[in-house]
1. Got a number for the accessible area of GLU125? Probe 1.4 Å, square angstrom, nearest 10.
2. At 0.36 nm per residue, minus the direct Cα-Cα distance, what do ILE109 and PHE70 gain on full extension? Give it in nm, one decimal, please.
3. Write out the chymotrypsin sites (Phe, Trp or Tyr not before Pro) in region 92-127 meeting two conditions: DSSP loop, and at most 13 other Cβ atoms within 10 Å of their Cβ.
4. Running a GNM on the chain with Cα contacts under 10 Å, which residue among LEU21, LEU39, LEU56 ends up with the highest mean-square fluctuation?
5. Just the number, please: percent antiparallel of the DSSP beta bridges in the chain, rounded to the nearest 5.
6. Can you work out ³J(HN,Hα) from phi for every residue in region 112-127, in order, using Karplus 6.51 cos²θ - 1.76 cosθ + 1.60 and θ = phi - 60°, giving whole Hz and x for Gly and Pro?
7. Leaving out ligands, DNA and RNA but keeping every protein chain, what accessible area does LEU75 have, in Å² rounded to the nearest 10, with a 1.4 Å probe?
8. Put ARG126, ARG61, ARG99 in order of accessible area, largest first, 1.4 Å probe: what do you get?
Amino acid sequence: SRHSIMAKEYWEKNGVEVKCLVEGATELPFEDNSFQCVLCSDVLEHIPGWDIEKALKEAIRVLVYGGKAFFIPCLSKEENPVSGEIYTHITIKPVAWWRGKIEEAGFKILSELDFESNHVGLMCERK
């Protein structure tokens, strides 16, 4: 995406090597305990409800113990203002549902940030 390219360029200008991949969230191509941080913004609502647990377990698997994850799911369907078409948000759930799934996967929720744009930010730690 355009935002990924901008982020990559920013970090590379600041001396950080960046590798971007497009992969499915339910089968990440990384070894266990590979990362200190996972950012999952505007992703979970695009995953079918039956695969949410698997995607969260993958985030746990690739995080080191004590590693941080920041999940930002959208809490509502997004409509095209012109056509009224619903975008690909297929798992729309309230904050309590997301909290429960994230905790069931093995995360401890450290803080919560409400956004005015129907998103919630959940800062978590791998137990």
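The values are calculated or read from the model by the stated rules, or taken from the named source; none is laboratory data. Note that this is a predicted model, so its numbers are computed, not measured. Every residue, glycine as well, gets a Cβ built from its backbone with ideal geometry; the counts of neighbours run over all protein chains shown. SASA here: full protein model, heavy atoms, side chains in, ligands and nucleic acids out. Shrake-Rupley method; radii C 1.70, N 1.55, O 1.52, S 1.80 Å.
1. In the full protein context, GLU125 sits at about 50 Å².
2. Stretched fully, the ILE109-PHE70 segment lengthens by 13.1 nm.
3. Of the chymotrypsin sites (Phe, Trp or Tyr not before Pro), the ones in loops of region 92-127 whose Cβ has at most 13 other Cβ atoms within 10 Å are PHE115.
4. Among LEU21, LEU39, LEU56, the largest GNM mean-square fluctuation belongs to LEU21.
5. In the chain, DSSP labels about 70 percent of beta bridges as antiparallel.
6. Calculated HN-Hα couplings, in order: 9, 10, 8, 9, 6, 9, 6, 10, 10, x, 10, 7, 10, 9, 6, 6 Hz.
7. Approximately 50 Å² of LEU75 is accessible to the 1.4 Å probe.
8. Solvent-accessible surface, decreasing: ARG99, ARG61, ARG126.
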